[in-house]
Amino acid sequence: MERSFKNILVTGGAGFIGSNMIRYLLGEKIDFEGRVINLDLLTYAGNLENLSGVAEKAGKRYVFVKGDIRDKSLVEEVFEEFDVDSVIHFAAESHVDRSIVSPDAFITTNVIGTFNLLEAAKKAWEGKDNDILFHHISTDEVYGSLGPHGYFREDSPYDPHSPYSASKAASDHLVMAYHHTYGLPVTLSNCSNNYGPYQFPEKFIPLMILNMLEGKPLPIYGDGKNIRDWLYVEDHNIAVWLIMKKGILGQKYNIGGENEWENIKLVNKLIYIISCEAKKDPELLKKLIVFVKDRPGHDRRYAIDCGKIKRELGWRQTVEFEEGLRRTVRWYMEHMDWVNRVRSGEYMRWIELNYLKR
Ligand code: NAD
Ligand code: TYD
């Protein structure tokens, strides 16, 4: 039987994947009629503009709470006040390079924040059995780095290498421990690299797109031969919803694009796409490529075996890579105001003025 929810708490719903998820939950494509409570601290990566139009359209079905998952009493209040019956936990510090420079927030948000949510869920759901679920969003980076062959499977050992992936691995273990020890109904997904609209321009694909559009250098770490498996963000969220509805409690599901690209080959593909979409000279774009000092501890290759979610839940990728990249390039070209505001920090000042911390 499929689960059904009334009040879904989405943490980190103002970030890249979380905001796409909220649009999906409140859109026409799925059978969900309940309410979404978006709990987000609005760090540099969280932006309410990512959800423009959502509150107006959804009315009472959408609530925003500005708050920190590291604040235990706030998290408990949110569960109580909104009668939360399910969680999709996206909130995290998510950028590897930042975790190398300043890991503190990665440990507090990703580990302590997840712990607070698990504790609050355990308390709020005591005595309840059906239609409650804690879904934890994680990454393929917890599995470490692959050589030229092989894939990450659900039973691959954890071997995280960066403070980011180590903090995500710790949170994954906590989620599973709450299932095994306290019987908390949980599911977990480990996804490969996402791309698409609203991604913060520090990440590889939006950074490269914007630098190409603006004629700035394209910094490639190391030899450019590191490999990532790319998935369009909407396909990630379709998978998450399937797990929410039908995933087996206590199980983890790998989600991936089955779409591996060396960074340098991906940049060349983007050069081709941007030369078509933005009428730029591809030879001039190629001259912008610069190989820079490698990221410390840079994982060589990620590649996901997502056979389990395909077989068991019937999930498939729906957006072909070139089509997804074209959509993404067009989105950034049409949303330069968003980009400029994100970069200038203007939206952070607006938040300070408009939202008092609870
Ligand atoms: P993001 O950085 O764009 O968004 C993170 C959101 O969390 C932001 O809105 C931020 O304000 C919020 N947040 C951060 N700290 C918080 C706190 N203490 N309390 C409340 N809110 C807080 O990240 P994303 O790329 O959307 O990733 C979302 C999740 O998906 C993360 O858990 C990440 O590990 C996971 N993931 C990401 C990818 C990817 O390619 N981006 C791939 C696999 C898994
Ligand atoms: P990123 O988007 O940071 O994702 P992750 O490291 O979590 O997979 O980076 C994707 C790949 O691109 C990774 O191999 C690092 C590389 N990279 C660059 O070569 N140059 C850059 O400026 C950035 C941000 C990333």
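Couple of notes before you dig in:
- Which listed residue is within 16 Å of H136 (Cα to Cα) and more than 14 Å from ligand 1 (Cβ to nearest atom), from K245, K216: K245
- Residue count for segment 161-211, restricted to those that are closer than 22 Å to D337 by Cα and touching a strand residue (DSSP E or B) at 6+ places or on another chain (Cβ under 7 Å): 5.
- The listed residue being on the phi < 0 side of the Ramachandran plot and surrounded by fewer than 17 Cβ atoms within 10 Å (Cβ to Cβ), out of K122, K168: K122
- Selection status of E202, without any contact (Cβ under 8 Å) to a residue 12 or more places away in the chain and closer than 18 Å to L288 by Cα: no
- Members of segment 103-152 found to be polar (S, T, N, Q) and in a helix (DSSP H, G or I), listed by number: T108, T109, N110, T114, N116
- Yes/no for D281 being touching a Ser or Thr at 6+ places or on another chain (Cβ under 6 Å) and not hydroxyl-bearing (S, T, Y): no
- Flag if W261 is crowded, with 18+ Cβ neighbours inside 10 Å and near ligand 2 (Cβ under 10 Å from one of its atoms): yes
- Members of segment 96-107 that are within 16 Å of ligand 2 (Cβ to nearest atom) and touching a helix residue (DSSP H, G or I) at 6+ places or on another chain (Cβ under 7 Å): V96, S99, I100, P103, F106
- Those helices (runs of 4 or more DSSP H) of segment 305-353 in which at least 1 residues are within 30 Å of R153 (Cα to Cα), considering only elements entirely within it, cover 307-313, 321-334.
- Number of residues in segment 196-254 that are of a type in the set (S, T, Y), within 15 Å of ligand 2 (Cβ to nearest atom) and surrounded by 20 or more Cβ atoms within 10 Å (Cβ to Cβ): the value is 2.
- Scan of segment 153-163 for residues that are more than 22 Å from E93 (Cβ to Cβ) and either in contact (Cβ under 8 Å) with a residue 60 or more places away in the chain or outside any loop (DSSP other than H, G, I, E, B) (or both), ordered by number: R153, E154
- Filtering segment 42-83 to residues that are on the phi > 0 side of the Ramachandran plot and of a type in the set (D, E) leaves only D83.
- I289 passes every criterion in (1) touching a residue at least 60 places away in the same chain (Cβ under 8 Å); (2) under 18 Å from L231 (Cα atoms) apart from (2).
- Per the listing K280, K252, the residue uniquely over 30 Å from G307 (Cα atoms), touching a residue at least 40 places away in the same chain (Cβ under 8 Å) and either within 16 Å of ligand 1 (Cβ to nearest atom) or charged (D, E, K, R) (or both) is K280.
Here, each number is a calculation from the coordinates, and none is a lab measurement. Keep in mind it's a predicted model, so treat the numbers as computed, not measured. Note that each Cβ is placed from the backbone with ideal geometry, even for glycine, and that neighbours are counted across all protein chains shown.
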